[in-house]
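Comments concern the structure below.
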Amino acid sequence: MTDVKAAAELTNLPAKLLWRLCREGIICNPVADMDLRGLAMISDIWRKEWFLRMALTEFSQTRREELIQKPELTRVERYVLKCYLNAKEGERIQTRNIIALVEHYLNARVSAKQVHRIRAMAYEIRRGRRLEPQGD
């Protein structure tokens, strides 16, 4: 049995991926030997273009572009992003208005810092640049 962090180092897979597999119930923490063997197989194909191409063919062109451009976001963050992406050209949206909309429609809280991060993401998407996931 190996803990998730060590398993990530052994298999050369991102620790975030292994923690996600853990949350989804696919592997356990600590990682069982049998799961470690499976992770080793995944690591062999993880960054192979043929593998990625085959996996992405299951999605529509629009969805593939979304997957590439937008990092994984929470429900609230997706809502904020859509507010900015659906804004008319030149329309100004106040951070406090976004926070109020999230509280009203989603009954959730979002910080100004999160809104600013998502707003920057929306601007990059509108400019046609690809994004990498960013932490808070």
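The values are calculated or read from the model by the stated rules, or taken from the named source; none is laboratory data. A quick note: this is a predicted structure, and the numbers were derived from the prediction, not measured. Note: accessible area is taken over every heavy atom of the protein model, side chains too, but ligands, DNA and RNA are not part of it. Shrake-Rupley method; radii C 1.70, N 1.55, O 1.52, S 1.80 Å.
For the chain, carbon and sulfur atoms together expose 52% of the accessible surface, with a 1.4 angstrom probe and every protein chain in place.
For VAL31, the residues whose modelled amide H falls within less than 5 Å of its own, excluding neighbours fewer than 5 places apart on the same chain, are THR2, ASP3, VAL4. Surface exposure of the stretch 36-119, expressed per residue as accessible area with a 1.4 Å probe, stands at 75 Å².
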